[in-house]
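Taking it in order: structure first as structure tokens, then the write-up.
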Amino acid sequence: MSRTSDGKSFFFLFIILGSIFLIFTPLQQEFSNSDSYQSFLGESMVEITSNAVCNDLLIMFKEKIPDIDQYEEFIIKKYIKFPIVRINFDTLAHQQAFLKQHGNEIYLIEQNRILKSLLDDIPEEKPKNSISKINFQDVTGATYLINQLGITGKGTRIGIIDTGVADHTIEFGTRIKGRGVFVNQEFGYSQNVTSVTDNHGHGTHVAGLAAGTTTGMAPEAEIYSAKVIQFGVTGAGGGDGEETTAGLLEAIEYLVNNSVNVINISLGQYHNLPSGLRDEMINYISMMYNIVFSISIGNSGTSYGDRGTLNNPGTALQCIGVTASDVSLNSIANFTSKGPKSDYSMKPDISAPGTNIYGPGLGSGYNTRSGTSMAAPIVGGAAALLIDYLKMMNQTYTAGTVKAALLAGARSLGKPVWEEGSGFLNVTRSWEILNTSTLINDSPDIGYLHPSELPFDPYKVLFNGSSVEFNLTAISSIAMNHSINISESLTEFVHFPEDEYFVNNTCLIPVNFTIPNTTSQQFVIGNIFVGNLTLQVEFEIREPVAQILFDESLNKIVPHGYLTNAFEIQGDSSNTIGMFSKFVQFLSYENNYSVTPHLTGDLSLPKLLAFDVLILANPVSLASDIYMDWLTDPGNDYVTLSSTSRDAISQFVDLGRGLLIFNSLSTHFNRTELNLLLNSFDIQIKTSSTSFIRTSSFTDHSLNFTETIDSFPFRGNYLQKTGTYTQIIAEYSAEPTIVSYQGQTGGRVLVFGTDLIFDNIGLSSHAYGGNTEHNHILAFNSVAWLAQGTYRATTTTSTNIPEFSFVLILLVTLVVLAILATRKGIAQ
């Protein structure tokens, strides 16, 4: 290589690297007591509106159980460890009198229910000599603590709420110190079970991962088993292997009485099925008795971008919600449920090994299992190791101490936070954080903010006039006030209701992002400071093509999912960050349509008039889960569309705006009430529907935006046009599936009898067997027609990606050019 060519090559490299520096420089410039639990409680969650007697109620009070002796004849049990009473009224008059007298003291009410329990594992039984073992003690850092530091969990107690724990000489020896069974009719089960052992194998395997001698994270911890599931026992739902809320209450109380330090729960309900009482009793016990809960978040996931599929009670604020990772792929397992929560807070909390996990089976054997059921006890065992260390050092701790250390010590797998949580478990790093932390009154001073960055998708791009609020999870080892501060670059956009928050164990801090109407397009970078904790903030601001309001107040529980049993019941996730996040991201990132979520309250006309289009996704759906087996009997407790909101929506369209409605099966929403709204637009939803995925075809392309699409996947409700301003756009077997309305004043309405085109799976590579390109075009063009904007013929014409993504692409391109130039010089 000549000196001349060498100089030219490196001069070219210098120019390119200098350009990269200039690109990024301006961006950076633009850019354990009842009092403690009371501080955590929000407003009352009970609505005293029942007009029928509700049998077998569980009532949780804000503080202690008040004097209710006059209702003694109806009381089944007063719990000692919880401010909860179980009661069964004989008449509506007695029920209403009780609620009227004690309504201000009640936090929430729930019926004792039997629901199918989804044991969160996917069994993979193999003979012992053919098992490919994953040494999760090594990959999570436990081996170092056990072998090098002598931290083994000795002196700690782990409670296992499951199918029971069977004897296993090699793995448990004499360390099973207590076993209780709570599967009996007294607690709402269909049969009485007296055997405390495990006849299934799930609980035994779980216990082995938490505390097995050779297969466990904490090989010297003591084990306490609380059996709440017996296969072969059915409940009112008729399903095999169910647990009741009362049974779970009894199990937790039993473990508290035995002074456990950690409780593992590897079971869950249909994803996102809300159960406030289960969450709240876990929150209460964790804070009052300093117990760490490690809970699996469920196996309701797919590889198609599903979100908002968390299982209860892994959603409890104080618990550690655990997702499963595939160690062999250094990734998150496809089957694992995904966050975030519907309140715009983040779960899961952490990930741990959950595929092909080797552990004890019944008898003296072993097997492998996969699932979040396996990941949770690995985290539970890690918690026991940290507690063992804290006890060895004579340091005081809270459940928040252990949770903060585990989350802060995790390492990222490079996956979205709603998949991996804070990252992959690294208990050695968590121990190092404890070991080097400052002590305040003999307690480590550590904390963690979850997620570590805001906002998250689909709100990394915000628009002038838009607003979205997240709930930041703050975890602290010590209960104290934390002041809120923000970088100067964020003062115009980021807002907090308070300047200071009392953080005790785990709490939520609302963070509001509001973009003024006159803001110039820019990329914003800054930090939020909660005490001495730092949260990174990055987002882009754009000028919107149209303003969209996406309502989340009128939908709760719908059947949904990908080829799953009864579609996997979906609760509280028909929203912009859950099952429709890809739709929102495509509207905003690719097409500059600003989407603002509406979470609570009436849809008033003044609020609506700030927007061009209103989206109602699965409106007036089921509101509660108080039924036994609602796969076959969904009940009739629906979200209500107020007359105020109904009138405002009608006026909104009359004033020339657009309305998009899509829904799920008519068995899970109030068809009569929705038709009251649709009357204004000469459209009705018929009683007939299909629960199978079909292919619906377009019969009319006169609206233009469908002209490049022949068909789409359909599962849902058939429609009916009732006036001259309506038009049938698509059909299946001569039944209308899409109907449009164009009013005399310019207002437009589109009603889809299905939501499959708009959800994350419909916009994924699977597309319910359809064409993802066509689904994208149809979803966007529907909104564009309502906003009276420009249609798309393909999804590949737009280069309107977030600015920071464009900069990354440019950076990579320049580096490649530099390398090529250097190589060319060498070749010469």
- Message: What figure, in Å² to the nearest 10, do you get for the accessible area of C507 with a 1.4 Å probe and non-protein molecules left out?
- Response: 20 Å²
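As a test of reading the structure, rank M288, M281 by solvent-accessible area (1.4 Å probe, protein chains only), most first. Provide the component values of the computation, followed by the final result.
Numbers: M288 40, M281 0 Å².
Largest to smallest exposure gives the sequence M288, M281.
Going highest first, how would you order 203-209, 723-729, 674-680, 590-596 by mean Cβ packing within 10 Å?
Numbers: 203-209: 32.4, 723-729: 16.3, 674-680: 18.9, 590-596: 21.4.
Output ranking for 203-209, 723-729, 674-680, 590-596: 203-209, 590-596, 674-680, 723-729.
The values are calculated or read from the model by the stated rules, or taken from the named source; none is laboratory data. From a predicted model like this one, the values you see are computed outputs, not experimental measurements. Methodologically, a virtual Cβ is constructed for each residue, glycine included, from the backbone with ideal geometry; neighbour enumeration extends over all protein chains shown. All accessible areas refer to the heavy atoms of the entire protein, side chains included, with ligands and DNA or RNA removed. Shrake-Rupley method; radii C 1.70, N 1.55, O 1.52, S 1.80 Å.
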